[in-house]
Amino acid sequence: MFQARTKADTLKELVTIVSTLVDEAKFTIDKEGISLRAVDPAHVAMVDLKLSKDAFDSYEAEDTELGIDVAKLDQFLRLAKAGEPIDLIHDEEKRRLNVTVGNTTKKMSLIDTTGMSEPKVPNLSLPAKVSLKIEEISQGIKASESVSDHIALTATADFFEIICEGDTDQVQMKLSKDQLIALDCEDKVKSLFPLEYFSNMMRAVPPQSKLDMFLGNDYPVKIEFNISGEKGNVTYLLAPRIESGD
Amino acid sequence: MFQARTKADTLKELVTIVSTLVDEAKFTIDKEGISLRAVDPAHVAMVDLKLSKDAFDSYEAEDTELGIDVAKLDQFLRLAKAGEPIDLIHDEEKRRLNVTVGNTTKKMSLIDTTGMSEPKVPNLSLPAKVSLKIEEISQGIKASESVSDHIALTATADFFEIICEGDTDQVQMKLSKDQLIALDCEDKVKSLFPLEYFSNMMRAVPPQSKLDMFLGNDYPVKIEFNISGEKGNVTYLLAPRIESGD
Amino acid sequence: MFQARTKADTLKELVTIVSTLVDEAKFTIDKEGISLRAVDPAHVAMVDLKLSKDAFDSYEAEDTELGIDVAKLDQFLRLAKAGEPIDLIHDEEKRRLNVTVGNTTKKMSLIDTTGMSEPKVPNLSLPAKVSLKIEEISQGIKASESVSDHIALTATADFFEIICEGDTDQVQMKLSKDQLIALDCEDKVKSLFPLEYFSNMMRAVPPQSKLDMFLGNDYPVKIEFNISGEKGNVTYLLAPRIESGD
C-alpha cells in the first residue's frame, strides 16, 4: 500500500538524479519514506538516495518495493510545472503505479524487481573532504567536455582542483581554500574519473546545492548532497580510472 | 483582384491551422472574406475555414481562387512579429501572391488549382457535444504521445474522457461535467482516433480557444473553434479508427 | 609577451566575426592592439579586423603573432556571461594561450603560423556607398535563405535593394534613400553574391551596428562596421558570383 502527494519539483529532482545512471530502479518504500540504491549498467557509478515522508504533502505507505521505469516517469513529469501537485498511487491489483498531474493520469506498469540486485555501498576510507556549491564547478566541467573524456580531481591542504588534459589543450579549475565552503585535507590526493559520468552526475544535482566530495588517491569519489531542503539526501559514488592515472 | 492587410498573428493562426493538414491549399476569395476547405493527402482529416474581411485592417477583393503553398507561407511568416502588419497582393499578371513583412516582399508563385478537388463536408449526425478550453486537454494529449499511436475519446452524461492505451502503460484524462464549459450527451459515445492527427490538430488551435467537440460511436469527431476573435471560424473533421475499437 | 583583460562580450564579438570565415587565424599583436586578416578556405571572403588596446580593461603586449583556433575559443567563450571578465595570457614557454573565465582556465595550444599567408586587401574602386543599420536587412536575408543560394545587391541614386530570385519565388527587399542612413550612388550598380557567405557574415555583425557597404558592378562588396564602441573596426570583403549575373 502506497499513496502519496508531493510537488512536481520534488519528484523531478529525485527522478533526474536516478535516471542519470539507470533507466529502471527498485524503490523501497516504508512508513518513513522512500529509498533507492542503484548501480549503472557498466558498474561504474552508484546512487544511494533517501527521501523522508516529510518531503510529501501527504504520505501513506506500508513496506513495499516498486520497480519503476524512471526514464518514462522523467518524461511524464516534464508535463508538470514546478509547483504543481503530483499524486502517486500504487495499484496493487493491476501492478501499476498511477501518477497524476492535473487532470492527467499515467498508469505505469511496474517492473519485476526479482532480478534487481541490491547493490552494497562499499566501505571506503577517503582521507580528503571538499565542500562547495555546485555552481562553483559547473563552468569548469562544461569547459572540460570538449577537451578530453576524463578528468582529474585533486585536493591538497590549500586548494581543490579539476584538471582535464587533452591532446593539445588543457582545462584547469582551481578553488583555493577560501573559495570553498570547507576543505579538510592533510596530504595531497588525486584521482582520475570518466568525465561523462562525472558531468552527468553534476548536472543532475539541483541548483544551489552544497556538495560534500570525499576523495582519495586513485580511489572512488563519494559525493553527498541534500534534496528537498534537508528532507532527503543523496550519495553518488564514481569509480576512478586507474589505467591512465599519472 | 485581391489586396488586403492584416496583423501577422491573424495570418499565422490561419496558416498554422491549414498547414497542419496540407502543404498546398486552394483559398476561395470573395467580397466577404476568405474561405478554404482541404483534406489531408491520406484522406483522414478535413479543415473547413472561413475568415471574414472584418479580420483585416483593409480588404479589397473580387471573386477569385488562389492556390497557395501554405508550408512556404508559414516559413515566411515566422520572420514577422505578432503585431506586425502583413500585406497581401495578388499579382494577376505574373500569377503570384506578394506577401510583404516590413521592407521584405516574398513573391510566391501560385499553384494551379485545376486539379484541386473541392471536398464536401459530410453530413454527420453526432449525438454528443463537449465544450472546453484547449488548455484543459493539452497535457493529456502530450502525455499520450509516448504511450500509443491512437487515442479514445469518450463522452457520457457526466464526463468527457481521453484514454490512450499502450502495451504496458495507459494515459487517462477525465474531465467531469463541472470541469467543462458544457456537456450535452445522453448515452455514452466512444470513438478511437489516430493520435498524431489529433495531436497536431490540437496543437494548431490558438491558445485560450474554446472548442466544441461533436462525438459519436465509432464516428468522426468534429471540432469547431473561432479565430481572430469571432471574425473567423474553423471546423476540423477527423475520421475514426474502426479496426481497433474496444 | 601578451597579457590582457576584457569583457566577455568584446571577445565574443571578435571571435564570432572571425570564426564565421575561418577555424584558425593568425592574430597580430602589438602595443596598440590586436589585428587580424584572414581569407576563408574557398578564397571567397576576407575579414580584416583591428581592435585597439582601449577595448581592454588592461593590456600589456610586445610584438607577437599568435595562431589561434577560433572555433575552440568560440566554444569556450560560450561559458562566459556577457559582462564577465576574461583574462588572456600568452604562455611563451609552453606555446599556449591561457584564457580564464571565472575560476576556469583553458590552456589552448597555439597553432604554427609559419604556413599562414598574410592576405593582401585588394585595391578596389567601388563607386556606390550604402549606410544602414544591420537590423534593416536581416529580415530580407532570412527570407531569402529558403528561395535561392545567391542574392543580388543593387544600389541606385534612389534606393538600395536585395533581390533573391528562385525557380518559382522571389524575395525583394527595397530601402529607399530616406530609409537608409546614407546613400551615395550616381549610376546603378549591381552584383550577385553567394547567399550563405553573405548571410553568415551579416549574422556575425553585432546588433545595432551601422554598416557601410561599398558596391560596384559585378564587383566584390566591402562591408565596414565598428566593434566595441569605436574601439575596433572590421572590414568584410565578399567576391561576386559573375557567372549567373543578369
Contact order normalised by residue count of segment C:2-109, Cα under 8 Å, 6+ apart, percent: 32
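Taking a ≥ b ≥ c as the square roots of the eigenvalues of the Cα gyration tensor of segment A:2-109, is the shape rounded (a/c under 1.5), prolate (a/b larger than b/c) or oblate?
rounded
Counting Lys +1, Arg +1, Asp -1, Glu -1, what net charge surrounds C:GLY67 among other residues with beta carbon under 9 Å of its beta carbon? Before the final figure, lay out each step's value.
Numbers: positive: C:LYS26; negative: C:GLU24, C:GLU65, C:ASP69, C:ASP112.
Summing Lys and Arg as +1 and Asp and Glu as -1 gives -3.
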Theoretical ellipticity at 222 nm over the protein assembly as shown - DSSP helices of four or more residues, -39500 (n - 2.57) apiece, nearest 500: -5000 deg cm²/dmol
Net charge, A:PHE225 excluded, C-beta distance under 14 Å - Lys, Arg +1, Asp, Glu -1: 0
Loop trypsin sites (Lys or Arg not before Pro), segment C:104-183 (other Cβ atoms within 10 Å of the site Cβ: 11 or fewer; DSSP): C:LYS120
Loop GluC sites (Glu not before Pro), segment C:163-224, which have at most 12 other Cβ atoms in a 10 Å radius of their Cβ (DSSP): C:GLU186
Nearest-20 debye value, segment B:2-109 charge dipole, Cβ charges on Lys, Arg, Asp, Glu: 360
Förster radius 51 Å - calculated FRET efficiency between C:ASP63 and B:SER58 (Cβ-Cβ, nearest 0.05): 0.20
Anisotropy class of the protein assembly as shown from Cα gyration tensor, a/c 1.5 cut: oblate
Nearest-first distances (nm) between copies at C:THR168, label 7 Å from Cα via Cβ: 4.6, 4.6
Electrostatic dipole magnitude of chain A [Cβ: Lys, Arg +1; Asp, Glu -1; Cα centre; debye, to 20]: 600
Mean accessible surface per residue for the protein assembly as shown, computed with a 1.4 Å probe while every protein chain stays in place, in Å²: 46
Accessible area buried, both sides summed, chains B and A with 1.4 Å probe, Å²: 1300
Calculated label separations, C:SER146, copies of the chain, 7 Å along the beta-carbon direction, nm: 3.1, 3.1
Taking segment C:120-223 and dividing mean pair separation by its residue count, relative contact order in percent (alpha carbons under 8 Å, at least six apart): 37
Nearest-20 debye value, the protein assembly as shown charge dipole, Cβ charges on Lys, Arg, Asp, Glu: 900
At 1.002 mPa s and 20 °C, Stokes D of segment C:56-173 from Kirkwood alpha-carbon radius, µm² per second: 112
Of all chain B residues, the one whose C-beta is nearest the axis that brings B onto A, in angstrom: B:ARG78, 14
Under 15 Å, Cβ to Cβ, from A:ASP184 - net charge with Lys/Arg +1 and Asp/Glu -1: -1
Chain C shape via C-alpha gyration tensor axes, a/c threshold 1.5: prolate
Accessible surface, 1.4 Å probe, highest first, among residues A:TYR197, C:TYR236: A:TYR197, C:TYR236
Coil-residue GluC sites (Glu not before Pro) of segment A:46-117, DSSP, other Cβ within 10 Å capped at 13: A:GLU62, A:GLU92, A:GLU93
Inter-copy spacing of B:ARG203 label points, which lie 7 Å from Cα along Cα→Cβ, given in nm from shortest upward: 2.3, 2.3
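To the nearest 0.05, what FRET efficiency results for C:GLU93 and C:LEU124 with a Förster distance of 51 Å applied to their C-beta separation?
Efficiency computed from Cβ-Cβ geometry: 0.75.
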Pairwise label distance in nanometres, A:ALA71 with B:ASP149, each label 7 Å out on the Cα-Cβ vector: 2.0
Rounded to the nearest 10 Å², the accessible area of A:ARG37 at probe 1.4 Å: 70
Minimum 30 Å² accessible area buried by the other protein chains, segment B:62-108 residues, probe 1.4 Å, relative to alone: B:LYS72, B:LEU79, B:ARG96, B:ASN103, B:THR104, B:THR105, B:LYS106, B:LYS107
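The values are calculated or read from the model by the stated rules, or taken from the named source; none is laboratory data. Values in this document were obtained by computation on a predicted structure and should not be read as measured data. Positions of Cβ are generated from backbone atoms using ideal geometry, with glycine treated the same way; all protein chains shown enter the neighbour counts. We work out accessible area using only protein heavy atoms, side chains counted, and drop any ligands, DNA or RNA first. Shrake-Rupley method; radii C 1.70, N 1.55, O 1.52, S 1.80 Å.
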